[in-house]
Structure formats: structure tokens, C-alpha cells
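The values are calculated or read from the model by the stated rules, or taken from the named source; none is laboratory data. All values derive from a computational prediction rather than experimental measurement. Cβ sites come from the backbone with ideal geometry, for glycine too, and all protein chains shown count toward neighbours.
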Amino acid sequence: MRAMFTLLPDETIEAGVNRVLSEKVAQTAQRLASPVEPVDLIIHESRKNLKRMRAVLRLVAYQPGPHFQAADELLRYAGRLLAPLRTSVVLVETVLKLENGNDGRPLKFPGIHAELADQHQRGLASFHGDGVTLGVATGLLGRASELLSEIRLPADDLQALAGGLGRTYRKCQQKLIAAAGSEGDPVAFHAWRKQVKYAWHQLEMIQLVEPLLLDARIDAWRVLAGVLGDAHDLAELEASVADLSAAPASERKAVRREASRARRLLETEALRLGAPLLAARPKQYVGELAGLWKDWRRRGLHKSGG
């Protein structure tokens, strides 16, 4: 059976959370050990899995226990080890987007593109050559897996997840307010983006409770995360261009100007998209999900519901 990042109707919450984390650990370890997949794909998919695992930890980590925080730190550090290579390919992709997709016309920023592409290729060569990064990331994943091997939840109802759902939603609201008042500070928008991703992935975990309703909400959170991600990529490009030396100064200035303009438009769009998603009080947000959960169990779709 294909791994599913959601709680299933024939399992308890505790069993489902353990299954999801175990499957994500196995998927990520398998990808990191893959001898055939392109490195860029390995890095991208592994980092997505790490972020999903960290979202699950925030879903259940309202309970006491230092192992949750320790596991989260291990997963965070594994992701940071893989980040530079992911960033380098994203910078190449982002400058091409500023070229309006590079649809066959001459590049507007050939010097910038060439220098960023060269940096990425050198990063790939180093990554292939030493094997240290992959080894350390795999080791961190293994240690986190040991800490998470047996999560215990006190109840088989949404109360086991309510604290995490409410806390993540509240942090999303706080980071939205901070971003809106930051006058376009990329750091503030990136902090909001991280919480948006956690909220998105947490809803995925309970998607089967009410698929028609929650699928639409999950898609809305996904779109918001994508817009914030594109804005973050542009901010990274703005910052990185300052460190380039081979590209002409005129290109560097033009890229910073165009990236900044495009980023601010995306940030405005993110605020528009985020406002309705985060309009409820956290208690209302969790209360509605709890009601859906109770209806799901009452319909007999959960093995312990009858």
C-alpha cells in the first residue's frame, strides 16, 4: 500500500501518527541512499518529508517530554545540511522566472544566470565528491527515528491533537500580523511561511475526516505556502546577487530591482490570501475541526467510534 500522509479510518490516532512518522523516516532514508535519482530531486523531496515530520511533531508535542524537542532539532539540522544545494538550484530557477520563463528569447541577465549555474554545479560536484553531508543527514534522521519510535497519546479523539492545531493556527495569526506590519521585511514573511506550512500539513493529517471540505482548505493553504515560497526565493536572489562578482554590475542592480518589485507583489498577494484563512479565533478553528471529527466517528468511519 502506498504511504499516506493522513490518519486512516481503521487506526487510532496514536497508531496513525506513529505510522506516518515511520513511513516518512523510511522514505527519506531511502531517498538519501538512492544511487540513481538526481541529487536535486533527492534533496527537494527529502526536505519536504522533513518539514512534514516537523509539522506532525507540532501536532502532538503539546504533551510533556524532551524527546519531542530533541527529535525536532535533529530533523531541523538535517534539513539545514541539505539546504545550500537546494537554495543554489532555486536561485537558478528564480532568475529564469524573472526572464519571463526564458521562452527562447535572449537572456536579460546572462551573467547572473551563468554565475549562479556555475555555483550550483560546483555544489553538486562537492556533494557527490565527499558524501559527508548525506552521511551526517542520514545519521541525524536515524537518531530522530529512535526518539520517535513509540509516541504515546492519551486519548483517541481530537483532543490528542487539539493543542497542536490551536497553537500552530495561533502562531500563523501572530506571524501574519508581524509580516503585515513589517513593511515588506523578507524575514517576517519567511517566519510566517514556516507556520503556514505547518498548518497546511497538519490539516493533511486529518484530511479524511471530511474530504470535500478539508481538501479545499488544504489546497488554499498550499497555494498560500507557494506564494510565500516564491516571495522567499526572490528575497534569497536579492541577497545572493550582492555576493556575485563575475556578473556585470548593471545586471546585479537590475536583478535586485526586478526581484524586489516581484517579491512585494507576491507578499501583497499572500496577505490577501492569508486573511480569510486566519480570520477565525483559534478556539473556533479547533472547535470546528473537533465537530467534524465527532461526526466522522459517529458515522462509524473510525474503528473505535461505535
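Quick check on L107: is it part of a loop (DSSP other than H, G, I, E, B), aliphatic (A, V, I, L, M) and at pLDDT below 90?
yes
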Matching option when the condition is closer than 26 Å to Y285 by Cβ and in a loop (DSSP other than H, G, I, E, B), among R152, R76, R170: R152
Taking the stated definitions as given, is L224 assigned to a helix (DSSP H, G or I), in contact (Cβ under 8 Å) with a residue 12 or more places away in the chain and either touching a Lys or Arg at 6+ places or on another chain (Cβ under 7 Å) or of a type outside the set (D, E, K, R) (or both)? yes
Show the residue pairs meeting these rules: Cβ distance below 9 Å; 6+ apart or different chains; first residue within segment 165-180 and more than 23 Å from L266 (Cβ to Cβ); second residue among the basic types (K, R) and part of a helix (DSSP H, G or I). G166/K283; R167/R58
Which one of the conditions (1) within 15 Å of L50 (Cα to Cα); (2) modelled with pLDDT of 90 or more; (3) surrounded by fewer than 21 Cβ atoms within 10 Å (Cβ to Cβ) does Q69 fail to meet, given that it meets all the rest? (2)
If you check R31, R54, which single one turns out to be at pLDDT 90 or above and either assigned to a helix (DSSP H, G or I) or touching a helix residue (DSSP H, G or I) at 6+ places or on another chain (Cβ under 6 Å) (or both)? R54
Do we find a residue being within 22 Å of K197 (Cα to Cα) and free of Cβ contacts under 8 Å to residues at least 40 places away in the same chain anywhere in segment 235-252? no
